[in-house]
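Only one structure is covered here, and it is reproduced in the block below.
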Amino acid sequence: MSFFPYAVAAWLFIIGLYGIVTSRNFVHLVICLAVLQSSTYVLLLSIGYRVGGTAPVFAGVPVGTLAVDPVVQALMLTDIVVEATVVALLLALALQLHKHANTLDPDKLKALEG
Amino acid sequence: MLFLQFTILTFVTVTATAVVLTRDPAKQAIGISFYGLVMALMFFIFQAPDVALSQIVIGAVALPLMILLALTKIRRHEEEQRERKEKKSA
Amino acid sequence: MIFFLLSAAVFGGVYLWGLKGLPPMGHYRGPYGDVLNQVATYERHVTDIVTAVNFDYRGFDTLGEEFILFMSVVGGTVLLRRQREEEKSEHKDQALSDESPERQAPEPSDATRVLTLGLVGPLVVFGLYMVAHGQLTPGGGFQGGVILATAPLLVYLGGDLKKFKQITSHTLVEVAEAAGAGGYLAIGFAGLILGGAYLRNVAALGRTGMINSGGTIALINLATGLEVAAGFVLLLYAFLEQTLEIRLRGGK
């Protein structure tokens, strides 16, 4: 039963990928990309967790207490900010696409013109 | 408290599936705001307070805001196109 | 569709088979987390280990990530700039003077206005508190910066569109973002000049638990908070400007 978080991470990845592949609207695609990125958070989090451990902040708590891994949390922190910026850039691209091609459907886009 | 961890992970799975299977982007924006909150709760239960703070502000406020603003602009643009077509044909 | 299901099943199988090699959840094995938990408070006099890892032990990675944020804000503002045909069409459509626009937009209710404008002050103070106490309690530059960036949003929600435009399109915001990013680089160079390695912790370390502990960690925290706050304000303004100009000029 301790394999469950890894299975959740795999399921989130696959369902996000399914949403991207069968999407008919660019904004829907961007949101499914955000779900796909959150599968890496679950994976990193479950690698660093320790049963009975507390948060790696030692304000008022003596230094020797059992704590979870801080390195993985530092990785996740920057990852979340990068997710927000990727979504922002992709939404700006989708807006420009709609202005030029008048559609948001990935299937209706023909070959690149220009 | 492993029972709490398993519950929140099941909740995350169900919410993610619901977000992906919603096809309308406007409804999905609300869905991803709720999903951000559930993820922040998961980070909190897994003893990661820094990450939970970051996820709450970005995943529940900034992300749905940008999505809704993009959708507003797209809808405004479609209405303008429709008005221009009507003016041309009239 | 069948092709996707087949390849997803194969991918899922290989992924799960690879993940079986990891230790089961809850039995973290690696040495680095334990070493850092024991050592970081004595070495750097900070109590928040995650911030210390972010800005000191792995400070170079955070520098790269901050520049990812910087470049994507630049990219977003460039992509959402006013195109030439948009400006022409708006000059053709508008015939009203600039005095009637505020009456066209729907006014928010009094309760909304009181609540949002009353909360702007506490939100700014809370964001600054979160940035300044990054090395003591959970928080830091990124979290506090994004909290600070949502304060102008409350002004927008309160209906004061002209004030919002004045706050966020000022050149000071762009200067603040550049100063934050450049400040991080400059602190790294100070580490190079005074300590022999880029981003080495060369400032006075202070006492554990005080707000000026951690040396360069506190300084980098402030620079990052400034940069993230200004960057997100610019990004949100670029998105809001798409809908704002039409409302300010007497649109529907």
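Derivation of every value follows stated rules applied to the coordinates shown; laboratory data play no part. Since we're looking at a predicted model, the values are computed, not measured. Glycine also receives a Cβ, built like all others from the backbone with ideal geometry; neighbour counts cover every protein chain displayed.
Summary of computed values
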{"read-out": "Long pairs among B:27/C:162; A:108/B:85; B:85/C:163; B:27/B:85; A:108/B:73, criterion Cα-Cα beyond 25 Å", "value": "B:27/C:162; B:85/C:163; B:27/B:85"}
{"read-out": "Environment charge at residue B:55 (Cβ cut-off 14 Å; Lys +1, Arg +1, Asp -1, Glu -1)", "value": "-3"}
{"read-out": "Residue with peak Gaussian network fluctuation, chain A [Cα springs, cutoff 10 Å], from A:52, A:16, A:60", "value": "A:60"}
{"read-out": "Euclidean distance between Cα centres, region C:148-187 to region B:1-73, Å", "value": "26 Å"}
{"read-out": "Amide hydrogen neighbours beyond the local backbone of residue C:200, cut-off 5 Å, H modeled", "value": "C:191, C:192"}
{"read-out": "Computed helical MRE - 222 nm, the protein assembly as shown, DSSP H runs ≥ 4 contributing -39500 (n - 2.57), nearest 500", "value": "-24000 deg cm²/dmol"}
{"read-out": "Helix runs (DSSP H) in chain C reaching 15 Å along axis by Cα, Kyte-Doolittle at least 1.6", "value": "C:2-19"}
{"read-out": "Candidates C:35, C:120, C:146, ranked by Gaussian network fluctuation over chain C, Cα under 10 Å, top entry", "value": "C:35"}
{"read-out": "Label-point gap, in nm, between residue C:178 and residue C:210 - each point 7 angstrom along Cα→Cβ", "value": "3.6 nm"}
{"read-out": "Computed lengthening from residue C:109 to residue C:8, 0.36 nm per intervening residue step minus Cα-Cα distance", "value": "31.3 nm"}
{"read-out": "Contact order normalised by residue count of chain C, Cα under 8 Å, 6+ apart, percent", "value": "27 percent"}
{"read-out": "Other-chain or far-sequence residues with amide H under 5 Å of residue A:54's (modelled H)", "value": "A:67, A:68"}
{"read-out": "Mean Kyte hydropathy of 1.0 or more with a Cα span along the axis of at least 30 Å, helices from DSSP in chain A", "value": "A:26-48, A:70-101"}
{"read-out": "Region B:2-89, dipole about Cα centre (Lys/Arg Cβ +1, Asp/Glu Cβ -1), debye to the nearest 20", "value": "500 debye"}
{"read-out": "Kyte-Doolittle mean at least 0.0, axial Cα span of 24 Å or more - DSSP H helices of chain B", "value": "B:2-21, B:25-45"}
{"read-out": "Options C:109, C:9, C:68, ranked by Cα towards positive dipole end of chain C, top entry (Cβ charges)", "value": "C:9"}
{"read-out": "Packing-based exposure ordering (other Cβ within 10 Å, fewest first) of B:87, C:163", "value": "B:87, C:163"}
{"read-out": "Least to most buried among B:83, A:83 (fewest other Cβ within 10 Å first)", "value": "B:83, A:83"}
{"read-out": "Simple label model, 7 Å out from Cα along Cβ direction - residue C:117 to residue B:72, nm", "value": "2.0 nm"}
{"read-out": "Inter-chain Cβ neighbour average for residues A:12-22, partner chain, 10 Å", "value": "5"}
{"read-out": "Local net charge near residue C:25, Cβ-Cβ under 15 Å (Lys/Arg +1, Asp/Glu -1)", "value": "+2"}
{"read-out": "Residue (of C:79, C:57, C:215) at the positive-pole extreme of the protein assembly as shown, dipole from beta-carbon charges", "value": "C:79"}
{"read-out": "Dipole magnitude of chain C about its Cα centre (Cβ charges: Lys, Arg +1; Asp, Glu -1), debye to nearest 20", "value": "300 debye"}
{"read-out": "C:107, C:65, C:174 arranged by Cβ crowding within 10 Å, fewest neighbours leading", "value": "C:107, C:174, C:65"}
{"read-out": "Nitroxide proxy distance, nm - points 7 Å out along Cα→Cβ at residue B:85 and residue C:189", "value": "5.7 nm"}
{"read-out": "Net lengthening on full extension, residue C:163/residue C:27 (0.36 nm per residue, minus Cα-Cα)", "value": "43.6 nm"}
